[in-house]
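Here is the structure we will look at.
Read-outs throughout are calculated quantities, based only on the coordinates presented, and are distinct from any laboratory measurement. Fair warning: this is a prediction, and the values are worked out from it, not measured in the lab. Ideal geometry is used to build each Cβ from the backbone, glycine not excepted, and the neighbour counts take in all protein chains shown.
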Amino acid sequence: MIRNIWRWIAQRRLTITFLLLGMVILLFIFIPLAKMIFSSSPSILWDTLLEGEVRSAIWLSLYCALIATAVGLVLGVPLAYFLARHRFPGKRFVEALIDVPIVVPHIATGIALLFVFGKSFLIGRAFDAIGIDFVFAVPGIIIAMLFVSVPFLIDSAKQGFEKVDVRLEKVSRTLGASPWQTFFSVSLPLAKRGIFGGAVMMWARGISEFGAVLVLASYPTIAPILVYDRLEQYGLDYALPVAALLVIICIIIFIVLRSIAYRGERTW
Amino acid sequence: MVEIKDLTVNLGNFLFEEINLKVEKGEYFIILGPTGAGKTVLLESIAGLHPIKSGEIWLDGREVTKLEPEKRGIGFVYQDYALFPHLSVKDNLLFGLKRRRQPKEEKQRVMEWLAELLGITHLLERSPDTLSGGERQKVALARALSINPQVLLLDEPLSALDPQTREEVQQELRQIHRRLKQTTIHVTHDFEEAIALGDRIAVLGGGRILQIGTADEIFHHPNSEFVARFAMTRNIFTGEVRDGTHGGAIIDVAGTNFEVVTDLRGWLHASLRPEDILISKEPLHSSARNSLKGTITHIADRGATLYLTVSTPPDFVCLVTRRSFEELALAEGEAVYITFKASAVHIF
């Protein structure tokens, strides 16, 4: 009996080792989040939610990230499609460039954006002329989020398009569909999982952005900056419920969107 | 009618050069070439899906060389069918129809007519990934026909199918062609497919058209290594298959009858490998065998083996080892018996 158990284990050494290592990292992700959520009592969370300042900060975060994602969809999906379908010299460089925002420290990102969209610089002045301010304004939050999060969307959409057989597009053309019609009735629907998955990631990454927004537009206050303010001014006890609330809302939305994105896909 | 004049296509590592073809209206035209000869690219070039270097493509007297694929009116069926996986069979069939200026009822009617023609009416609501290979092929064919194309291009339409389904779909292709008189260009590497379906055959090799002609011309006077090698390894006959005496089938090839195993009837082709034929001086009798008397008209010496042409008529090419050749003391002009199993004959 014991020998059988030993043999059973011996045959699965690799699986068991990997499972144990995987458990460590899963707990590492899970425990801090769970602890934060459960260390605030529901009544405190509810009271926090009723605070106007908290509600508007969370709402602003969700809203700005959504607008950034929308901009990302309009500008990023065409690029993703182009990259998935064409080969050209310097393609590697372009692909690397797209991923740079992921590796640049976010404070540096904020400063870089300030240098372009600040009012003392050309592009900033041009936008100022049509009444759009970036510094200490909602558009500033949106472009900061857009910059740091759009790589997730482009990469995922590109992978989505790469999985679409070029021959399906060719057949579509022979059946009388123009390149535009082919894109909207064949390529886009078939890559929608990659695009939608990327959009969810982009949106989530936008909500979590702190550094770049802090430099460019620390006011109006988005949720992560509110958490930071409270931590600085009043200490952990005041920051915790806001942080917990933000995490709970994000997790709920994230789960819902992911379940839509991966609907019908079996994982076992 | 399809006319291709001096077509040159760059394939990266090699070229298609000066491809000249003329496919008559209603003709079933086969392009036969070895795997890797770029047959798919040739079809894509005709359809406008692959850039060409030079040359002209004419469809029914209209030059389409610079026309976008969606304006050419060419039906295309890929080897792996390329059905739209996000659409039902019905919506696959309606895809091309939706883009035509026609009343909605008319489109519906055409869709239903095509489904009936191909026998896929019961599959209309299904998703392509639930279909078998043969079913997918029929859907792809119906979809390509939906635009009432001036020419139908088929890229190895049978090669992804198992042998039994292949035969079935091949019959289907033949019948549909007979009914619709649809001008068709079909590329394949399979000789029997080419012989069975093609009104004419073009042999492609080394980036050029090597020979164009009927199956008979190509296989009896091959000018390419590719075809010659095949022609050596098969006896190909054309004849009428009818019911045999005891439940079997008999093929009549130019007055010579022999037994075959098949459910097909009518004008068909038969192939027989030279090594499946036994040569003897006296008739061999057995119920499962065909024994025919003939005369040796030609001997090709290949060293350890010899190819003998025995005229019964028709001519049978037979393979014998040097040893049996010498033991039987065979020579040109000698009368011999050839014997082969009914099951060794492939009817297609």
- [ ] Return the distance in nm (one decimal) between the two label points of a simple spin-label model at B:Met1 and B:Ser54, each offset 7 Å from Cα along Cα→Cβ.
- [x] 2.5
Open item on the list: I need the Kirkwood Rh of segment B:235-347: take the reciprocal of the average 1/r across all distinct C-alpha pairs and report it in angstrom.
Closed with: 14.3
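Have a look at the DSSP beta bridges in segment B:235-347 and tell me what percent are antiparallel, nearest 5. Let's see the in-between values first.
On the way: 41 of 41 bridges.
Once the DSSP bridges in segment B:235-347 are tallied, antiparallel ones form about 100 percent.
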Task: 35 Å tail of the calculated P(r), chain A, as % of Cα pairs - done: 33
Task: Computed E for A:Thr17/B:Glu326 - FRET, C-beta separation, R0 56 angstrom, nearest 0.05 - done: 0.20
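Take every DSSP beta bridge whose two residues both sit in the protein assembly as shown, then give the antiparallel share in percent to the nearest 5. Intermediate values should be presented prior to the final figure.
Numbers: 59 of 76 bridges.
Roughly 80 percent of the DSSP beta bridges within the protein assembly as shown come out antiparallel.
Going down the list A:Lys91/B:Lys66; B:Lys53/B:Lys107; A:Lys163/B:Lys138; B:Lys25/B:Lys104; A:Lys170/B:Lys25; B:Lys22/B:Lys90, which pairs span over 32 Å between their C-alpha atoms? Present the calculation step by step, with values, prior to reporting the outcome.
Working: A:Lys91/B:Lys66 29 Å; B:Lys53/B:Lys107 37 Å; A:Lys163/B:Lys138 25 Å; B:Lys25/B:Lys104 30 Å; A:Lys170/B:Lys25 25 Å; B:Lys22/B:Lys90 34 Å.
Over 32 Å apart, Cα to Cα: B:Lys53/B:Lys107; B:Lys22/B:Lys90.
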Task: Degrees between helix B:163-180 axis and first principal axis of chain B (Cα, 0 to 90, nearest 10) - done: 60
Open item on the list: Of the candidates B:Thr245, B:Thr184, B:Thr35, which one comes out as most mobile in a Gaussian network treatment of chain B with C-alpha springs shorter than 10 Å?
Closed with: B:Thr245
Open item on the list: Using DSSP H assignments, which helices in chain A have an axial alpha-carbon span of 15 Å or above and a mean Kyte-Doolittle hydropathy of 1.6 or higher?
Closed with: A:13-39, A:106-117, A:236-261
TODO: Taking the Cβ of B:His189 as the centre, find all other residues whose Cβ is under 10 Å away and add up their charges (Lys, Arg: +1; Asp, Glu: -1).
DONE: -2
Task: 22 Å Cα-Cα reach of B:Lys293 towards lysines, excluding residues that sit fewer than 8 places from it in its own chain - done: B:Lys281, B:Lys341
Task: Cross-link reach list, aspartates and glutamates versus B:Lys98, counting only Cα pairs under 20 Å and skipping chain neighbours closer than eight places - done: A:Glu169, B:Glu68, B:Glu70, B:Glu106, B:Glu112, B:Glu116, B:Glu125
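Can you compute the helix-only [θ] at 222 nm over chain A? Use -39500 (n - 2.57) per DSSP H run of at least 4 residues, normalise by all residues, nearest 500 deg cm²/dmol. Provide the component values of the computation, followed by the final result.
Working: 14 runs with 217 residues, N = 268.
Rounded to the nearest 500, it is -26500 deg cm²/dmol.
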TODO: Please work out the Cα center distance from segment B:293-348 to segment B:183-242, rounded to the nearest Å.
DONE: 23
Task: Cα pair distances in the protein assembly as shown, grouped into 10 Å bins until the bin that holds the longest one, percent each - done: 3, 12, 17, 16, 14, 13, 11, 7, 4, 3, 1, 0
Open item on the list: Residues of segment B:121-141 with the amide nitrogen closer than 16 Å to a label point 7 Å from the Cα of B:Asp80, along Cα-to-Cβ, please.
Closed with: B:128-134, B:136-137, B:140
Task: aspartates and glutamates with Cα under 13 Å of B:Lys71, excluding same-chain neighbours fewer than 8 positions away - done: B:Glu63
Task: Crossing angle, helix B:133-145 versus chain B [Cα axis fit, 0-90 degrees, rounded to tens] - done: 50
TODO: Return the long-range amide H neighbours of B:Arg273 (sequence gap of 5 or more, or a different chain), with a cut-off of under 5 Å between placed amide H atoms.
DONE: B:Asn235
Task: Estimated FRET transfer efficiency (A:Phe28, A:Ile123; beta-carbon r; R0 41 Å; 0.05) - done: 0.45
Open item on the list: Rounded to whole Å, give me the distance from the Cα center of segment B:113-181 to that of segment A:97-137.
Closed with: 57
TODO: Using only alpha carbon pairs under 8 Å that are at least six residues apart, calculate the relative contact order of segment B:235-347 and give it in whole percent.
DONE: 31
Open item on the list: If I model a spin label as a point 7 Å beyond the Cα along the Cα-Cβ vector, how far apart are those points for A:Leu97 and A:Ile9 in nm?
Closed with: 5.6
